[in-house]
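Values quoted throughout were computed directly from the atomic coordinates according to the rules given, and no laboratory measurement underlies them. The structure displayed is predicted, hence computed values, not measured ones. Backbone-built Cβ (ideal geometry, glycine too); neighbour counts: all protein chains shown.
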Amino acid sequence: MSFSENYETMDDLHPIDIVESLAEHHAWEFDRVTDDQIAMAVEGQWRTYSLTLAWSDHDETLRLICTFEMEPPDEKIPALYDVLNRCNDMVWSGAFTWWAEQKLMVWRYGLVLSGGLVAGPEQIDRLIAAAVMASERFYPAFQLVSWGDQTPAEAMKVAIAEAYGRA
């Protein structure tokens with residue numbers, strides 16, 4: 001049974017309500033921060049990822065950020081930016097950025113639903129899975145360039161193939 005079959009009408013369903021239902025379905029820890037925002041923890045192979053999804057009525061966008069902590073040595077930051085750019089060249093749905101002040105690697109994506117469009121549960125589940133899969137795929141490269149004394153090109157060899165599976 002698809003997730004959509006659990007809902008009689010999707011028209012009045014808030015995107016964050018859908019995310020909350022998905023979190024319950026997957027048994028993820030979550031906190032409904034506000035009516036328009038939810039934070040959750042999703043366990044991956046390498047670590048637990050912190051995800052926040054927020055709905056903006058103003059621009060009709062469902063925003064997702066998936067973060068994990070990193071504390072690379074200061075002298076490795078240029079190499080980290082290099083590998084981050086290489087990672088972003090290999091993905092089409094979202095992008096990584098480094099929040100230096102918070103010491104967080106961040107995967108960001110915005111799903112624009114203008115004109116009254118509605119995201120279905122399968123679409124939102126795929127959005128979350130894509131964020132976790134991208135983080136899982138490139139996490140080893142970020143670590144190798146930060147702590148393994150590998151060049152960005154060498155570190156990227158572990159991220160050649162797309163990760164398969166589901167979050």
(request) In debye, nearest 20, what is the charge dipole magnitude of the range 12-167 about its Cα centre with +1 on Lys and Arg Cβ and -1 on Asp and Glu Cβ, if you could check? (result) 540 debye
(request) For the range 29-162, report the translational diffusion coefficient in µm²/s to the nearest whole number, using Stokes-Einstein at 20 °C, 1.002 mPa s, and a Kirkwood Rh over Cα pairs. (result) 137 µm²/s
(message) Quick check: pseudo-label points 7 Å beyond the Cα along Cα→Cβ at TRP99 and ASP17, how many nm apart are they?
(response) 2.8 nm
(request) Quick one: angle between helix 15-26 and the longest Cα principal axis of the chain, in degrees between 0 and 90, rounded to 10, please. (result) 70 degrees
(request) Return a whole-number percent for the relative contact order of the range 48-167, with Cα pairs under 8 Å and 6 or more residues apart as the contact set. (result) 27 percent
(request) Within the set of other residues whose C-beta is less than 13 Å from the C-beta of PRO152, count the net charge using Lys and Arg as +1 and Asp and Glu as -1. (result) -1
(message) Residues of the range 132-150 with backbone nitrogen within less than 18 Å of a virtual label 7 Å along the Cα-to-Cβ line of GLN45, please, listed as ranges.
(response) 132-145
